[in-house]
Amino acid sequence: QISFPITYPFSIPIRRFINIPYENKTSSSNLLHKISSLESSNCIKIKLGSYPLKEAISVMKSALSITKARLILDFNEKWSLENMQRFCDNFDLTSFKHLEDPLNNPLDLFTLAKTHPYPIALEQGLRSYGIQTFSSLPTLKACEFKPTVDMPLLKTKQLSAFNMDVAFSSAYETSIGIASIGYLACQLAKEENEFLTESELTDFINTLPQ
């Protein structure tokens, strides 16, 4: 839980985030050390797109042995369908909470769903293709938005037609970016299927301390 001591006090569940780009074997060691240091976390998101296939398989097998946290693997649309299929061959379907933006061609997610039906989360793919493109994707279980960037997507209210998790991340590591997440999440929790308008979010942002 994280609390925001601002005009609208609330607390929402958060996940920890690890971004250690791959350079050499030391990167993998540093990544595992960071994971082990977050032993109290329930959910950890890990940037894995820069890791070679064999190294990614190795480091994730080690990660699963040292943490009980649910892992979200974010590939930033950097992997091919073939490499992702080979990666998935090494793990159970329940090994990870989500694979986020796993493919460099998001439309290949329909093929991946047939061969390796891992739960999928999308962020970048939603901006490129729109959520309706993936309405028939059975493995789509979560969407991630940056409220200060993705307001046009949120204003469509299209998410109300899908049964999935919704996550928010900050485009600005300031009170504006962080607080907009909390406020939007709070509103979604209180009013199911109701989304803020752009003016409502702007009004809230304007109340924040500079």
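The values are calculated or read from the model by the stated rules, or taken from the named source; none is laboratory data. The structure displayed is predicted, hence computed values, not measured ones. All Cβ positions, even for glycine, are placed from backbone atoms using ideal geometry, and neighbour counts span all protein chains on display. These accessible areas exclude ligands, DNA and RNA; they are computed on the full protein's heavy atoms, side chains included. Shrake-Rupley method; radii C 1.70, N 1.55, O 1.52, S 1.80 Å.
Taking the condition of being open to solvent by 10 Å² or more (accessible area, probe 1.4 Å) and either in contact with a helix residue (DSSP H, G or I) (Cβ under 7 Å, 6 or more places away or on another chain) or aromatic (Phe, Trp, Tyr) (or both), how many residues in segment 107-130 meet it? Walk me through it before giving the result.
Step one: list which residues in segment 107-130 are open to solvent by 10 Å² or more (accessible area, probe 1.4 Å), which gives 107-108, 110-111, 113-117, 119, 123-124, 127-130.
Adding the requirement that they be either in contact with a helix residue (DSSP H, G or I) (Cβ under 7 Å, 6 or more places away or on another chain) or aromatic (Phe, Trp, Tyr) (or both) leaves 108, 110-111, 115-116, 128-129.
Matching residues across segment 107-130 total 7.
Among the residues of segment 86-102, count how many are part of a helix (DSSP H, G or I) and either farther than 23 Å from Leu31 by Cα or among the charged types (D, E, K, R) (or both).
Of all residues in segment 86-102, those part of a helix (DSSP H, G or I) come to 86-88.
Subsequent filtering for residues that are either farther than 23 Å from Leu31 by Cα or among the charged types (D, E, K, R) (or both) retains 86.
Result for segment 86-102: 1.
With the requirement that a residue be among the polar types (S, T, N, Q) and part of a helix (DSSP H, G or I), what does segment 16-73 give you?
Filtering segment 16-73 down to residues among the polar types (S, T, N, Q) leaves 19, 24, 26-30, 36-37, 40-42, 50, 58, 62, 65, 67.
Thr26, Ser27, Ser28, Ser29, Asn30, Ser36, Ser37, Ser58, Ser62, Ser65, listed by residue number.
Each row is one residue, and each column tells you yes or no for (1) small (Gly, Ala, Ser); (2) touching a strand residue (DSSP E or B) at 6+ places or on another chain (Cβ under 9 Å).
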residue: Arg86; (1), (2): no, no
residue: Asn104; (1), (2): no, yes
residue: Leu112; (1), (2): no, yes
residue: Ala121; (1), (2): yes, yes
residue: Leu140; (1), (2): no, yes
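Among the residues of segment 74-95, are any loosely packed, with under 14 Cβ neighbours inside 10 Å, of a type in the set (Val, Ile, Thr) and more than 26 Å from Ile35 (Cβ to Cβ)?
no
Give all pairs with beta carbons closer than 6 Å in which a residue from segment 64-79 that is in contact (Cβ under 8 Å) with a residue 24 or more places away in the chain meets a residue that is assigned to a helix (DSSP H, G or I) and open to solvent by 20 Å² or more (accessible area, probe 1.4 Å); count only pairs at least 6 apart in sequence or on separate chains.
Matching pairs, first to second residue: Ile66/Ser36; Glu77/Gln124.
Which helices (runs of 4 or more DSSP H) does segment 103-202 wholly contain that include 1 or more residues that are modelled with pLDDT of 75 or more?
Numbers: elements: 109-115, 124-129, 151-155, 175-190.
Fully inside segment 103-202 and qualifying: 109-115, 124-129.
Need pairs with beta-carbon distance below 7 Å; first residue in contact (Cβ under 8 Å) with a residue 40 or more places away in the chain and under 21 Å from Lys97 (Cβ atoms) and within segment 123-147, second among the small types (Gly, Ala, Ser) and assigned to a loop (DSSP other than H, G, I, E, B); sequence gap 6+ or separate chains.
What qualifies is Glu144/Ser169.
If you check every pair at least six apart or on different chains, which have Cβ atoms under 6 Å apart with a residue in segment 1-30 that is within 26 Å of Ile57 (Cα to Cα) first and a residue that is in a loop (DSSP other than H, G, I, E, B) and modelled with pLDDT of 50 or more second?
Cβ pairs passing all conditions: Arg16/Leu38; Arg16/Ser41; Pro21/Ser50; Tyr22/Ser50; Tyr22/Tyr51; Ser27/Ile20; Asn30/Ile20.
Test of understanding: among Lys68, Lys54, which residue is open to solvent by 10 Å² or more (accessible area, probe 1.4 Å), on the phi < 0 side of the Ramachandran plot, modelled with pLDDT of 95 or more and not aromatic (Phe, Trp, Tyr)? If you could, list the steps in order and put the result at the bottom.
On the way: Lys68 fails: modelled with pLDDT of 95 or more.
Unique residue meeting the criteria: Lys54.
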